[in-house]
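Notes follow the structure.
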Amino acid sequence: MATYSTNEFRSGLKLMIDGDPCSIVDNEVVKPGKGQAFNRIKIRNLKTGRVVERTYKSGESVEAADVMDTDLQYLYNDGEQWHFMHPETFEQMAADKTAVGDAKLWLKEQDMCTVTLWNGNPLAVTPPNFVVLSVTDTDPGLKGDTSGGGGKPATLETGAVVQVPLFIAIGEDLKIDTRNGKYVSRAKD
Amino acid sequence: MFPVPRINDSRDVACNVATLKSWQPSASFELIKLRADTLKQIRSFFDKNQVLEVDTPTLSSASVPDPFIESFQTRYIPLTQTMQTEQYYLHTSPEFAMKRLLASGSGSIYQISKVFRQGESGRRHNPEFTLLEWYRDGWDHHQLMLEVSQLFTLLLSPCVELAAPQFITYEQAFQAVLGINPHTVDKTDLLACVAKAGLANVLDDNEHRDRFLELLFSHTIEPSLGKKRGKKRDKTNNMPGICFLYHYPASQASLAKTGMHNGQLIAQRFEVFIDGMELGNGFYELNDAGEQRARFEADNHSRKLMGNNEVPLDENFLQAVGHLPECAGVAIGIERLLMVMSQSQHINDVIAFPFERA
């Protein structure tokens, strides 16, 4: 069993805490001039996304979590699972609803995604920061209105609904920032 | 006083540190100058108060047995190489040597020196740091707290708006935050209090009660010391202040005299905090040689139980302790003081070349 000592604690380190894989968000050494030293860490539970605080006596060891990020190509969704492929080994892997989470709104076939693996199984999926998706439904465009003032909802090919400018029409390809789910621009060819 | 840059956003600081190359200083020249000006002001303060500046060795053949302070070790190698090499320690504070001067009749003295502590690295720690340590001949810790407050007010008031200084006992702080008396609470209630604070399982239940008090103190009490809450919940109204905490449990006396307070044996020791951060520690100095040796031996015994090396006791110091006049002493971390003055979030912002770049 691999472990990390408190003196190896740093942001991004992956630990097993209460049976769940977690990532250190912040590590603070609490050491009074006189007295016992502690490491106070903020950790993100990689399964739930929740951030909690923990304290360890300095010098203690904590079990390491076998968590790694891999870049995989998104292939398709079979209704239950989302399938990914390693671009070089062609090895395929399926992620379920919990692992994919909100990323499902931004997954476009053939896009490269970051898939976080825990003990070799998909734990979380992070879409690329920007994706290009086409509009499947929106109110008719107002030609010539490029002012950007106001907006309207548009449904994209993945089912995601984003707020877009009034001049956007069905069938157009849009660049979307997946981190905030916002329209960036029309996709340039 | 030149204008001090205000760095309020810790993210900016982290970004700043990351983008600089490692051969360059991590502190800005404004803060390098702030350090120079601060040291100048401190020297002028003690000069006016007729406290003598002294210089004692960094290398010592003996070290401090405190179970939670580790010294850097090095070896002296004679040029001839015919003799055995000798073990030396880098001092963790100039306390022992300064007390040898006091015991020899120096009168009040101060020193600004670099000190070294193993393993202490983090947002508020650098393994090598600058300590201002001074002793007042004939004073007790209450008088010394007032002088610390005077010096801090002098140094800080041009940089930050300060609330009035606060003086509270260790017991009052525990009562106010946790509703327990740290001197008399039994182990069961203490463990219950630890669990209630969300700190169960950090320590083994059989550890000494002081470890639990330290855990509670550093997690639930210290962050609020020296912070005057603003009206409503508006954080911008919060104002830093100087907070003195005194009368520690007798078991945490270290090198302080013990005494009675409200029928309770306490350590005549204080610590000073600003904005939730410890800046210094002071004692009404113990001058009973037998008691001092017994405490050191107990410290070495604790080290042994924890699986750490015992350290050679400083016999020169132990001989001097019995000759020490009635006096009070305090040590202040200069980097922490500079952090408060410049509102810095990381100690690396006030050190030209911190440990990672040394």
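The values are calculated or read from the model by the stated rules, or taken from the named source; none is laboratory data. Only a predicted model underlies this, so the values are computations on that prediction, with no experimental measurement involved. Reconstructed Cβ throughout: ideal geometry from the backbone, glycine too, with neighbour counts over all protein chains shown.
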- Failed item in (1) surrounded by fewer than 19 Cβ atoms within 10 Å (Cβ to Cβ); (2) over 19 Å from B:Gln252 (Cβ atoms); (3) within 14 Å of chain A (Cβ to nearest Cβ); (4) in contact with an Asp or Glu (Cβ under 7 Å, 6 or more places away or on another chain), with B:Gly307 passing the rest: (4)
- Query: Among the residues of the stretch B:25-53, which ones are small (Gly, Ala, Ser) and either loosely packed, with under 14 Cβ neighbours inside 10 Å or in contact with a helix residue (DSSP H, G or I) (Cβ under 7 Å, 6 or more places away or on another chain) (or both)?
  - Reply: B:Ser26, B:Ala27, B:Ala36, B:Ser44
- Give, as residue ranges, the strands (runs of 3 or more DSSP E) completely inside the stretch A:56-150 that count at least 2 residues that are within 27 Å of A:Ile170 (Cα to Cα) and within 20 Å of the chain's Cα centre (by Cα). A:67-77, A:112-118, A:130-138
- Would you say B:Leu199 is assigned to a loop (DSSP other than H, G, I, E, B) and either modelled with pLDDT under 95 or surrounded by 15 or more Cβ atoms within 10 Å (Cβ to Cβ) (or both)? yes
- Message: Which condition from (1) more than 14 Å from every other protein chain (Cβ to nearest Cβ); (2) over 24 Å from B:Gln150 (Cα atoms); (3) within 22 Å of the chain's Cα centre (by Cα) is the one that B:Gln24 breaks?
- Response: (3)
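Scanning the stretch B:257-288 for residues that are in a strand (DSSP E or B) and surrounded by fewer than 21 Cβ atoms within 10 Å (Cβ to Cβ), which turns out nearest to the other protein chains (Cβ to nearest Cβ)? Walk me through it before giving the result.
The initial filter retains those residues of the stretch B:257-288 that are in a strand (DSSP E or B), namely B:258-261, B:264-274, B:277-285.
Filter once more, so that each one left must be surrounded by fewer than 21 Cβ atoms within 10 Å (Cβ to Cβ): B:258-261, B:264-265, B:277.
On the way: B:Thr258: 15, B:Gly259: 18, B:Met260: 22, B:His261: 19, B:Gln264: 20, B:Leu265: 18, B:Met277: 11 Å.
That would be B:Met277.
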- Query: Hey, B:Glu291 hits all of (1) under 16 Å from B:Ile69 (Cβ atoms); (2) surrounded by fewer than 20 Cβ atoms within 10 Å (Cβ to Cβ); (3) away from chain A (no Cβ under 14 Å) but one; which does it fall short on?
  - Reply: (1)
- Task: Kindly indicate the residue of the stretch A:8-30 that is of a type in the set (A, V, I, L, M, F, W, C), over 17 Å from the mean Cα position of the chain (by Cα) and part of a strand (DSSP E or B) and also surrounded by the most Cβ atoms within 10 Å (Cβ to Cβ) among those meeting that condition.
- Result: A:Val30
- Where in the stretch B:55-134 are the strands (runs of 3 or more DSSP E), entirely inside, with at least 2 residues that are away from chain A (no Cβ under 14 Å) and more than 20 Å from the chain's Cα centre (by Cα)? B:73-76, B:86-90
- Take the residues in the stretch B:170-227 that are on the phi > 0 side of the Ramachandran plot and free of Cβ contacts under 8 Å to residues at least 40 places away in the same chain, then tell me which one is farthest from the other protein chains (Cβ to nearest Cβ). B:Gly179
- Unmet criterion (only one of (1) over 30 Å from B:Thr92 (Cα atoms); (2) within 14 Å of chain B (Cβ to nearest Cβ)) for A:Ala99: (2)
- Breaking point among (1) outside any helix (DSSP H, G or I); (2) surrounded by 18 or more Cβ atoms within 10 Å (Cβ to Cβ); (3) not β-branched (Val, Ile, Thr), for B:Glu171: (1)
- Matching residues in the stretch B:70-106 - criterion: being hydrophobic (A, V, I, L, M, F, W, C) and either at pLDDT below 95 or in the same structural domain as B:Glu214 (by TED's automatic domain parsing) (or both): B:Ile77, B:Leu79, B:Met83
- Message: Just the residues that are of a type in the set (Asp, Glu) and touching a helix residue (DSSP H, G or I) at 6+ places or on another chain (Cβ under 7 Å), please, taken from the stretch B:129-157.
- Response: B:Glu133, B:Asp137
- Note on the structure: Expected single match for more than 29 Å from B:Asn126 (Cβ to Cβ) and within 12 Å of chain B (Cβ to nearest Cβ) among A:Asp26, A:Asp69, A:Asp18 is A:Asp18
- Select, from B:Leu286, B:Leu338, the only residue that is farther than 30 Å from B:Leu162 by Cα and either touching a Cys at 6+ places or on another chain (Cβ under 6 Å) or touching a residue at least 12 places away in the same chain (Cβ under 8 Å) (or both). B:Leu286
